[in-house]
Structures are given as C-alpha cells and as structure tokens.
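Asker: Structure incoming, see below.
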C-alpha cells in the first residue's frame, strides 16, 4: 500500500510543544512544523549563513528600529504550522512578542534562503505563507544567485512573482523608498 493511501495524522503546534516539553524532541533535532508535518531542517552552510547575516545587516541598517528583524524564529501561522523562516520582518512591538510567537498579522515579510532546501521551501513553505495571507515572501535561490519576490496571496498561491538578479535592487515592503541592492547580499 502506498504511503499516500495510509491514514496519516497531523499534529498541532500545541502537540509539538508538548513533545518538546516531554523531551521527545530537542533543539538538536532541528525540525519545524509545517501543515501538521515535521520537516527536518537542512544544515546551514557558510553561503546560507552569510546571506542571512548580510540580509540582517542590510535591514538593520535601513530600518533603524522601525521593525523587528527575527532570524530563524518561529511564526505561529495556524494550528498546524510553526515554520522558522530564515528572516522575518515583523511589526514593531515593545514586548518583542514575549507572550506568544508572532502570527501572520504581525509579518511584513518572510525570507527563505535556499540551496539544498529549495524544493521544500518552494513547494511547502511559500504556499503556507500565501495561505496565511502573508503579504510578501522572498525566496533566495543561492544556486542561481536570484531573489524571487512573491506578492498578492490568494489561497495557497501568490498571484505575482518577480525574479531579481545581481545588479538589481529589491524594495523593502512596508517602507516607502527603502530598498536593498542585491550586491549587498552577495548576489
């Protein structure tokens, strides 16, 4: 019998947290919850880490305390999903989301950086962000040196996408007249 024909059970974020508290999973397991399924996170290589650092630096310099830049922190998307995007640009809150993880309504931008994770980022996480009505998602393809901007979420699909390549500049959502040259990101 194929796996797709078996009755599978999705787990909720609450169940996932209970498993962590029970010691079933630890931070060393490097997993995240996407649509009720546990995804093993890929190891982060130097190019991936450098791109995340460069993006964090570029956003921090430009925003100067106008938003929160979260690096690989959970987003409470829905009952079944708590992904950890490489970068999240969040609405500024004085408590820095102490009481609970930010939700889709708090997100200005999510960024996934992909080399080995390209297929799962493109086919699982980007649609998840669209379904949650996250206004803008970026996917950096390290293999091709491109940054794709996804906008206009409609269901689990972004209706608009634009690919940026080296030498181009990407506008930062929610901040008029603010943009980042891809050259600052090493693309």
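Values quoted throughout were computed directly from the atomic coordinates according to the rules given, and no laboratory measurement underlies them. The structure displayed is predicted, hence computed values, not measured ones. Here the Cβ is made from the backbone with ideal geometry for all residues, glycine too, and neighbour counts use every protein chain on show.
Asker: Which one, 136, 168, 32, has the greatest fluctuation when you compute a Gaussian network model over the chain with C-alpha springs under 10 angstrom?
Answerer: Among 136, 168, 32, the largest mean-square fluctuation in the Gaussian network model of the chain belongs to 168.
Asker: In addition: Mind computing the radius of gyration and Dmax over the alpha-carbon atoms of the chain? Å is fine for both.
Answerer: 16.7, 56
Asker: Helix-only mean residue ellipticity at 222 nm, the chain, DSSP H runs n ≥ 4 weighted -39,500 (n - 2.57), per residue, nearest 500. What is it?
Answerer: For the chain, the value works out to -5500 deg cm²/dmol.
Asker: Grab the Cα-Cα distance for residue 163 and residue 40, subtract it from 0.36 nm times how many residues apart they are, and report the gain in nm with one decimal. It would help to have the intermediate numbers written out before the result.
Answerer: Working: separation 123, 0.36 × 123 = 44.28 nm, distance 2.72 nm.
Going from the current span to full extension adds 41.6 nm.
Asker: Which of 48, 176 has the fewest other C-beta atoms within 10 Å, and how do the rest follow up to the most?
Answerer: If I rank by nearby Cβ atoms, fewest first, I get 176, 48.
Asker: Taking the 0 to 90 degree range and rounding to the nearest ten, how far is the long axis of helix 46-63 tilted relative to the main principal axis of the chain, both from C-alpha atoms?
Answerer: Value to nearest ten degrees: 60.
Asker: Order of 25, 129, 97 from fewest to most other C-beta atoms within 10 Å?
Answerer: Ascending Cβ contact count within 10 Å gives the list 25, 97, 129.
Asker: Please report the relative contact order for the chain, taking Cα pairs under 8 Å with a sequence separation of at least 6, and give it as a percent rounded to a whole number.
Answerer: 15 percent
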